[in-house]
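Nothing in this text is a laboratory measurement; each read-out follows from the coordinates by a stated rule. In this text the structure is predicted, and so the values were computed from the model without any measurement. Ideal geometry is used to build each Cβ from the backbone, glycine not excepted, and the neighbour counts take in all protein chains shown.
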Amino acid sequence: MSNILSIQNINKKFSGKTVLKNINLQIYSHSIIALVGANGAGKTTLINIILGLITSDSGKITFLNTQHWKQITGVMMQDNLALNRIKVKEIINLSRSYFKHPLSYQKLLSLSGLNDLENNYMNQLSGGQKRRLSFALSLSGNPEILFLDEPTVGMDSNARHDFWQEISKLRQNGKTIFVTSHYLEELENIADRFLILQNGSIAFDGSIQSLRNIQGNSLVEFDSELNIKTFTSIQNIISIEQLGQHFQIVTNDPNDLIIAITPYLTAITNLQIKQTNLDTMLLNYREEHNHD
C-alpha cells in the first residue's frame, strides 16, 4: 500500500468554537477507512476541508503522486443533487465529460441500477434511487480515492447490501474509500480502519479488533428484575447498562462473567452472548472520553 493522502495539523473553528483540533492522518491506498463519531463531531467538516469546499484555519492537505487531485477523486456527499429538468442519462454523461478517463456510460448506469430509468428525469426518482445515482456519479472519473458521506441514507435493505458489495469490489480493484455513516453495523465488516472523531480530535485510529481489545470483545445480554447493584461488583466488567429490565454487560472474559452470574440464573431470562458491535463500543468510548 502507498500513501495517497496526507492530512497535517488541520484546525478549524466556527464562531469561536473548535470543531477540528490538530488532525493528523495518513491515508493509504487499497483500504476502506470509516470515520465515525457523534452528530456534530466534525466529520463532514473534515471531508469538506479535504475536498477544498471550505478552508481550514491552519494545516495542510496533500494528495500525493499527482497535482491533478480532482481527476483521481470521487465524492458522494450527504445531499443529493437537486436538478429537476435533466434526465438520468444526461447527468451521467455530463459528469463523465469532466474527466479524462471516465468509466463507460453503461458501467455507470449498471452501478446505479437505473437501467430501466435512464430516460427519467431526476425529480422522478425515489430517494434511494437518487442515492444510487449519486454513487454512480461519484465514480464517473474512475477515481483512485472515493469519499462517501452517509451514502446509504434512503436506500432499502437490498440496495444497501448491493451498495456495500460494490464497495468491496472497488477496494479489491485498488480503490481507496473514505466513508462516514450513522449505520454503524454496515461498517463493521467492510472497513479496514476506524477513526473516532471526538471533541475535535482523532480519539482512536485502528482496526475493529483493536477497538474491541480496548472496549471489550463480548456483549452479554439478559432480562432480569434484579437490581443492577447485584452485578456491578463482578470483576472484569468493562461496562454495564440497564434499560428497564434489560441488561447489557460488556466484558473481555465472558466465561468468567457467566460463572459469576450462575447463582442468579433462575432470575435471568433471554441470556445471550455475542461479539460487541461498533455502536456499543462507540457509545462506551464516548462516555469514557467525554471529559478528555
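Taking the DSSP beta bridges with both ends in segment 3-211, the antiparallel portion is around 55 percent.
For segment 1-102, count the residues as N, evaluate 2.2 N^0.38 Å, and divide the Cα radius of gyration by that value, please.
Details: Rg = 16.1 Å, N = 102, 2.2 N^0.38 = 12.8 Å.
Dividing the Cα radius of gyration by 2.2 N^0.38 Å gives 1.26.
Karplus-derived 3J(HN,Hα) values for segment 241-254, using 6.51 cos²θ - 1.76 cosθ + 1.60 with θ = phi - 60°, are 10, 10, 10, x, 9, 9, 10, 10, 10, 9, 8, 9, 9, x Hz; glycine and proline are entered as x.
In the chain, which longest range has no trypsin sites (Lys or Arg not before Pro) that are both DSSP loop (not H, G, I, E or B) and surrounded by at most 10 other Cβ atoms within 10 Å? Write out the running numbers ahead of the final one.
Working: sites that count: Arg85, Lys100.
The longest such stretch corresponds to 101-292.
Modelled label positions at Ser207 and Lys87, each set 7 Å beyond Cα in the direction of Cβ, lie 4.9 nm from each other. One decimal place: the segment Phe99-Asp116 gains 3.6 nm when fully extended, by the rule 0.36 nm per residue minus the C-alpha distance. Enter the angle in degrees (range 0 to 90, nearest 10) between the Cα long axis of helix 157-172 and the first principal axis of the Cα atoms of the chain, meaning the one along which they spread out most. Relative to the chain, helix 157-172 is tipped by roughly 70 degrees.
With 5 Å bins beginning at zero, the pair-distance distribution over Cα atoms of the chain amounts to 1, 5, 11, 13, 14, 13, 12, 10, 8, 6, 4, 2, 1, 0 %. Rounded to the nearest angstrom and listed largest first, the equivalent-ellipsoid semi-axes of segment 88-216 from its Cα gyration tensor are 30, 16, 13. In plain terms, the bigger the Kirkwood radius, the slower the diffusion; for segment 156-292, with that radius from Cα pairs, at 4 °C and 1.567 mPa s, Stokes-Einstein puts D at 76 µm²/s. Evaluating kT/(6 pi eta Rh) at 20 °C and 1.002 mPa s, with the Kirkwood radius of segment 217-275 over Cα pairs in the Stokes-Einstein relation, gives 191 µm² s⁻¹. The aspartates and glutamates whose alpha-carbon is closer than 13 Å to the alpha-carbon of Lys229, local same-chain residues fewer than 8 away aside, are Glu241.
The chymotrypsin sites (Phe, Trp or Tyr not before Pro) of segment 1-64 include none that meets both criteria, a DSSP state outside H, G, I, E and B (loop) and at most 15 other C-beta atoms within 10 angstrom of the site's C-beta. Here the simple spin-label model places points 7 Å from the Cα toward Cβ, and for Asn3 and Thr62 these points are separated by 0.7 nm. Of all lysines in the structure, those lying under 25 Å Cα to Cα from Lys21, and not within fewer than 8 positions of it along the same chain, are Lys12, Lys13, Lys43, Lys60.
Helix 278-288 versus the longest principal axis of the chain: what angle, 0 to 90°, nearest 10, using Cα atoms? It is inclined by approximately 70 degrees. Subtracting the Cα-Cα distance of Asp253 and Ile214 from their residue separation scaled by 0.36 nm leaves 12.8 nm.
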